[in-house]
Amino acid sequence: MKLKEVTEGKVRVFVPDPKEYMIEGKFDPSWAPVFYNSKMTFNRDLSVIVVNLLKPKIILDTLSATGIRGIRYYVESWKSEQLILNDKNSTATSLIQINVKNNGIENAKIYNKDANALLYEIKSDYIDIDPFGSPAPFILSSINATIRNGIVAFTATDLSPLEGSSRTSCRRKYDAINYKLSSSKELGLRILIGKIIREAAILEKTVYPLFSFYADYYYRLFVRVESGARKADENINKNLKYFGECPRCGFQSFVDENCKIKCPVCGEIFIIIGPLYSGPLHNMEFLKRITDTYSDFNYLSSFNRIQKLLNVIEKEAKYKSVFYNISKLASKLKISAIPPINSILECLGDASRTHFVPTGIRTDREYEEITRCIKNLR
């Protein structure tokens, strides 16, 4: 295997040389013997900032591939008491050994095991699940391996089922009924969180989102794990709901049941999806800690992008409602000339953009106020 040295953040690691695995002039990271995706640098950069705030005693990078994620945590975030890197691919673990040594890390434990098997053998206060595709096969085992008040970080790249394009796949992987709705970019993240909450409840545990975001073609989510059947029941009863959207007028809201519900605005039957999580997507105190400290990482290649993302999330996080996609809503209202988003925000007064889509706004204003602004600004 021919290797190429790359720099990411403050580390230098060897990865399979893409030129050796190109097909008809194209390259996909999954074609190489060991997976390395440079397009996930933004994900890793922002995760480095989060782990720096968490300062876990044990970092477990469950699906390590080249080892770059765990190595970056140790070098850039926090020198944890234990760094555990694992991959079931023996070629990957051999490469991890090279990369660990290349970055002067002496106390890393490297395992060559199936991720789920390892997660039933050890306990940790920070576990990272960054798979190729869906994190669903690793949810139960990762929650099991996390100690009380520990953190699990999930990446999900299978947006097709989560956003409702592949309905049968969503039902199979996430046990949720799904359709492609106007706000599916956010609802997909909520379906993922809902699945994690239900899986954690099996173990008499529950989870609460600490920080989450959508970028490029994936969701990234950090959850805090808490123990206790009562807490699990309370979270399910309070925060697991369904979501309805009117196909005629675009009104949308959380609903308690999956049944035929008439739109309160026009009387059309709702399209219902779920179950999904209806609570806050961020812990506001932790979000403030991120926004207060991220400037310490201005060396990151994606620093400007991180700054822009956090500025938007900081503003939208205070609203409880799912965002409205103005372009979709205007289409349902038969309005062809969509007013500028900034004009709508000014009209509403108490509203913000969302990071999920450029044409989305987040507000706790009533539907009638939103549509009135859209119509009056035409």
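Of the chymotrypsin sites (Phe, Trp or Tyr not before Pro) in the range 243-323, which ones lie in a loop per DSSP and count no more than 10 other C-beta atoms within 10 Å?
Here the chymotrypsin sites (Phe, Trp or Tyr not before Pro) that fit, given the DSSP loop and packing criteria, are 299.
With the chain treated as a Gaussian network of Cα nodes joined by springs under 10 Å, which of 194, 279, 25 yields the largest mean-square fluctuation?
Sorting by GNM fluctuation, first place goes to 25.
How much accessible area per residue does the range 278-341 have, in Å², with a 1.4 Å probe?
Ligands and nucleic acids excluded, the result is 53 Å² per residue.
Using only the alpha-carbon atoms, how far is helix 184-202 inclined from the longest principal axis of the chain? Give it as 0 to 90 degrees, nearest 10.
60
If the viscosity is 1.306 mPa s and the temperature 10 °C, what Stokes-Einstein diffusion coefficient in µm²/s follows for the chain when Rh is the Kirkwood radius over Cα pairs?
73
In deg cm²/dmol, rounded to 500, what helix-only [θ] at 222 nm does the chain give when every DSSP H run of at least 4 residues adds -39500 (n - 2.57) and the total is split over its residues?
-10500 deg cm²/dmol
Work out the FRET efficiency for residue 160 and residue 258 from their Cβ-Cβ distance, taking R0 = 35 Å, and round it to the nearest 0.05.
0.95
Could you tell me which of 60, 273, 341 has its Cα farthest along the dipole of the chain towards the positive end, charges placed at Cβ (Lys, Arg +1; Asp, Glu -1), taken about the Cα centre?
Going by the charge dipole, the pick is 341.
Among 288, 113, 88, whose mean-square fluctuation peaks in a Gaussian network model of the chain (Cα, cutoff 10 Å)?
Comparing 288, 113, 88 in the GNM, the peak value goes to 288.
Would you calculate the separation in nanometres between label points at residue 82 and residue 229, each defined as 7 Å from the Cα along the Cα-to-beta-carbon direction?
2.9
So which GluC sites (Glu not before Pro) in the range 63-164 pass both tests, a DSSP loop state and at most 13 other Cβ atoms within 10 Å of the Cβ?
Sites meeting the loop and neighbour criteria: 81, 106, 121.
Quick check for you: with a 1.4 Å probe and neighbouring chains kept, what is the accessible area per residue of the range 186-237, in Å²?
Heavy-atom accessible area per residue stands at 30 Å².
Give the carbon-plus-sulfur fraction of the accessible surface of the range 178-232 in %, rounded to a whole number; probe 1.4 Å, heavy atoms of protein chains only.
The value for the range 178-232 is 50 percent carbon and sulfur by accessible area.
Under unit Cβ charges (Lys, Arg +1; Asp, Glu -1), what dipole magnitude, rounded to 20 debye, does the chain have relative to its Cα centre?
That gives the chain a dipole magnitude of about 560 debye.
Starting from the Cα of residue 89, step 7 Å toward the Cβ, then list every residue of the range 51-68 with an amide N under 17 Å from that point.
61-68, by backbone N distance to the label point.
Keeping the other protein chains in place, figure out the carbon and sulfur percent of the accessible area of the range 1-79, with a 1.4 Å probe.
Carbon and sulfur together cover 52 percent of it.
The values are calculated or read from the model by the stated rules, or taken from the named source; none is laboratory data. Every value quoted in this text rests on a predicted model; they were computed, and no experiment measured them. Using ideal geometry, Cβ is built from the backbone for each residue, glycine included, and neighbour counts are taken over all protein chains shown. Heavy atoms of the whole protein, side chains included, go into the accessibility calculation; ligands, DNA and RNA do not. Shrake-Rupley method; radii C 1.70, N 1.55, O 1.52, S 1.80 Å.
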